[in-house]
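The values are calculated or read from the model by the stated rules, or taken from the named source; none is laboratory data. Source: prediction; values computed, not measured. Backbone-built Cβ (ideal geometry, glycine too); neighbour counts: all protein chains shown.
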Amino acid sequence: MSRVLRSAFKLGSHHATYLLHQQEARIIKSISCYCDYSYKGGQEGGDGESRRDFRTVLTLVGLGGFVAAYVLASKVAAEGKPSKENVNYQKWHTEARTDLPTYKQEVIQKHDTLEKRIWVTYGIGVYDITDFVPKHPGSDKIMLGAGSAIDPFWAIYQQHNNKEILTLLESFRIGNLDKADAVSTEDMGSPWANEPKRHPLLKPASERPFNAEPPISLLAENFLTPNEFFYVRNHLPVPVIDAESYELDVEVEESGISKSFSLDEIKKLPKCTVTAAVMCGGNRRSEMTEVKPVKGLSWSAGAVGNAKWSGAKLRDILLAIGVESDEKRHVIFEGCDLDPTSHPYGASIPLSKAMDERGDVILAYEMNGETINRDHGFPLRVIVPGTVGARNVKWLSRVVVSDSESSSHWQQNDYKGFSPSTDWDTVDFTKSPAIQAMPVTSAICCPSEGDKVQTKDGCIAVKGYAWSGGGRRIVRVDLTADGGESWHVAELEQDDLPDGRHYGWTLWSANLPVPAGQKKIEIWSKAVDSAYNTQPESFKYTWNLRGVLSNAYHRVKVEIE
Ligand code: MTE
């Protein structure tokens with residue numbers, strides 16, 4: 001049985017279950033065809049990729065390419081192609097067009113080359129995309145989906161449900177699929193049906209997949225972020241996992257060693273607790289966007305939280321199966337959350353980090369003393385302290401020691417930094433290393449932008465957080481209320497842990513003197529870590545097209561009462 005089917009049975013993921021129910025060859029073919037698409041549709045923000053990639057999958061298999069789709073839709077509209085009024089566009093693919101012929105799936109699937117013309121289906125719509133393909137160099141991967149249904153992809157990446165993309169698709173309509181052959185989203189069951197309940201205070205940046213941060217005014221209230229207020233960053237639907245039958249596969253490439261661990265077996269290993277902040281690579285992206293738009297979810301400064309994580313040391317597990325540290329190797333993590341092509345969310349870290357006693361990498365089953373909840377990775381996630389959130393893989397299904405990094409989209413084509421001059425035409429993701437340790441950052445949590453604040457003895461109360469990746473301790477947080485003319489050092493609240501192993505965040509507070517007589521001020525914060533790294537003054541010269549590593553001074557404007 002293929003690994004996909006095996007993991008579907010094993011994990012009980014709702015989406016995987018759908019795959020099992022759809023065993024007709026054409027669906028499996030369709031699913032296996034779209035692997036490249038999958039890596040793009042579920043990316044950070046689910047809304048962007050290089051323009052080359054936009055062209056690749058644009059409109060038909062997923063894309064997330066709102067902008068490109070819009071441009072194309074306008075082009076098509078200009079050519080007078082759309083065959084319907086812009087009414088009820090969400091239903092076009094569900095309704096038979098009486099002006100067009102009906103086709104059986106077996107006919108459609110023969111149209112899988114340029115010579116034979118390329119057809120795809122969505123609902124009961126049949127679309128000939130042949131003329132679209134050559135117009136867009138790099139769209140060869142569209143060919144992989146030729147002759148099959150795109151419904152499974154669009155059921156997950158619901159951002160396609162917009163007028164521009166559906167209008168463009170309808171412009172390619174050539175017929176109706178025989179109803180007996182149609183795959184409807186109802187048939188599939190919604191992959192979102194089993195999402196957990198969330199605290200209403202979490203402000204969603206996107207609902208499906210669920211991505212949300214707490215109001216940042218709450219963040220500095222607790223050294224350990226309450227679980228229900230901890231930001232959530234999901235790329236796919238949350239998998240449904242039965243803890244009883246759950247197993248983690250640990251494998252070593254080359255040697256062929258592999259071992260499966262039940263949750264109970266993992267819990268029997270020595271339990272280790274580490275306080276670590278987890279921060280999304282896109283935290284504070286909304287500020288970078290103000291310089292120039294970037295692609296990605298518009299996180300404010302709340303895509304970070306600090307928690308006490310408990311579980312087994314990954315090092316213990318690797319040692320138990322005979323793995324030795326090696327500077328050149330990697331540890332790949334895969335989640336149980338599968339995209340429509342059955343590819344799991346995945347990421348990797350250097351093996352040396354996993355094997356380092358001071359690296360404190362754990363397979364966590366508890367968060368702040370409670371069973372880790374579904375949004376944060378139940379029943380098991382890896383915590384890679386000091387490392388960008390993306391590598392802290394949730395719903396862990398597989399750990400592989402390998403000579404290569406993870407091949408997943410999120411390791412290879414996302415969560416990387418670039419020069420401010422690199423744009424979507426010139427970007428080459430192979431040229432930048434995957435982000436691991438995060439740079440030093442800080443944020444002002446109180447007061448908030450626009451607040452009216454009172455002074456006491458000429459000062460205002462200010463508090464916030466600071467953190468640096470790689471276990472570097474925060475040694476100072478500087479604040480100014482007069483544009484940098486004078487700086488004031490904040491009081492720090494942090495764990496008493498050695499530098500290099502200081503993975504939790506630092507909360508800071510200060511009574512900040514404000515310039516006399518001034519009614520409007522701007523507060524700036526900058527943190528300094530143990531390597532004397534500090535934050536850049538502005539986002540202008542660290543701007544990057546994905547809006548990651550957004551760590552310039554934090555600035556908040558307030559009014560003095
Ligand atoms: N692991 C899986 N399996 N699937 C995901 O979508 N998102 C990653 C990481 N681990 C993700 C994942 C990203 S980008 C971040 S920032 C963190 O989880 C967020 O962790 P949290 O949701 O517990 O805050």
Any residue at all in the stretch 314-329 that's buried (at least 21 other Cβ atoms within 10 Å of the Cβ), within 11 Å of the ligand (Cβ to nearest atom), closer than 23 Å to PHE429 by Cα and at pLDDT 95 or above? no
Going through (1) within 30 Å of PRO293 (Cβ to Cβ); (2) assigned to a strand (DSSP E or B); (3) among the polar types (S, T, N, Q) one by one, ASN544 fails only at (2)
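For the stretch 342-371, how many residues meet the condition of being on the phi < 0 side of the Ramachandran plot and either without any contact (Cβ under 8 Å) to a residue 40 or more places away in the chain or of a type in the set (Asp, Glu) (or both)?
Matching residues across the stretch 342-371 total 6.
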Per the filter on the stretch 498-517, residues among the hydroxyl-bearing types (Ser, Thr, Tyr) and either surrounded by 23 or more Cβ atoms within 10 Å (Cβ to Cβ) or farther than 17 Å from ILE216 by Cβ (or both) are TYR503, THR506
Note: among LYS557, LYS520, LYS540, just one is surrounded by fewer than 22 Cβ atoms within 10 Å (Cβ to Cβ), under 30 Å from TRP424 (Cα atoms) and among the basic types (Lys, Arg), namely LYS540
Point to revise | Test for GLY296: is it out of contact with any Ser or Thr (no Cβ under 6 Å at 6 or more places or on another chain), more than 16 Å from the ligand (Cβ to nearest atom) and at positive phi | key: no
Flagged pairs (Cβ under 7 angstrom, 6 or more apart or on separate chains; first in the stretch 412-426, of a type in the set (Asp, Glu); second assigned to a loop (DSSP other than H, G, I, E, B) and within 16 Å of the ligand (Cβ to nearest atom)) are ASP414/GLN43; ASP414/ARG546
Listed by first then second residue, the pairs whose first member lies in the stretch 374-390 and is outside the structural domain of ASP529 (by TED's automatic domain parsing) and in a loop (DSSP other than H, G, I, E, B), whose partner is basic (Lys, Arg) and within 7 Å of the ligand (Cβ to nearest atom), with beta carbons under 8 Å and at least 6 positions apart or on separate chains, are GLY377/LYS394
Taking the stretch 204-236 and keeping residues in a loop (DSSP other than H, G, I, E, B), within 10 Å of the ligand (Cβ to nearest atom) and not aliphatic (A, V, I, L, M) leaves PRO209, PHE210, THR225, PHE230, TYR231, ASN234, HIS235
Inside the stretch 512-561, the number of residues satisfying the requirement of being within 18 Å of ALA461 (Cβ to Cβ) and not charged (D, E, K, R) is 14
Of those in the stretch 330-346 that are among the β-branched types (Val, Ile, Thr) and outside any loop (DSSP other than H, G, I, E, B), the residue nearest to the ligand (Cβ to nearest atom) is ILE332
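Sort through ILE349, ILE362, ILE372 and tell me the only one that's near the ligand (Cβ under 10 Å from one of its atoms), crowded, with 23+ Cβ neighbours inside 10 Å and hydrophobic (A, V, I, L, M, F, W, C).
Residue meeting the stated conditions: ILE372.
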Here the residues within the stretch 115-139 that are at pLDDT 85 or above and in contact with a helix residue (DSSP H, G or I) (Cβ under 8 Å, 6 or more places away or on another chain) are ILE118, TRP119, VAL120, THR121, TYR122, GLY123, ILE124, GLY125, VAL126, TYR127, ILE129
*Would you check if there is a residue in the stretch 320-328 being closer than 30 Å to HIS554 by Cβ and assigned by TED's automatic domain parsing to the domain that holds GLY417?*
no
Considering the stretch 392-427, residues that are within 13 Å of the ligand (Cβ to nearest atom) and among the β-branched types (Val, Ile, Thr), and then whichever is surrounded by the fewest Cβ atoms within 10 Å (Cβ to Cβ), we arrive at VAL399
Note: among SER262, SER255, just one is away from the ligand (no atom under 16 Å from the Cβ), of a type in the set (S, T, N, Q) and modelled with pLDDT under 95, namely SER255
>> Is it the case, given these coordinates, that GLY389 is more than 11 Å from the ligand (Cβ to nearest atom) and closer than 27 Å to THR542 by Cβ?
In response: no
Every listed condition ((1) touching a Lys or Arg at 6+ places or on another chain (Cβ under 7 Å); (2) in a loop (DSSP other than H, G, I, E, B); (3) more than 25 Å from ASP264 (Cβ to Cβ)) holds for VAL393 save (3)
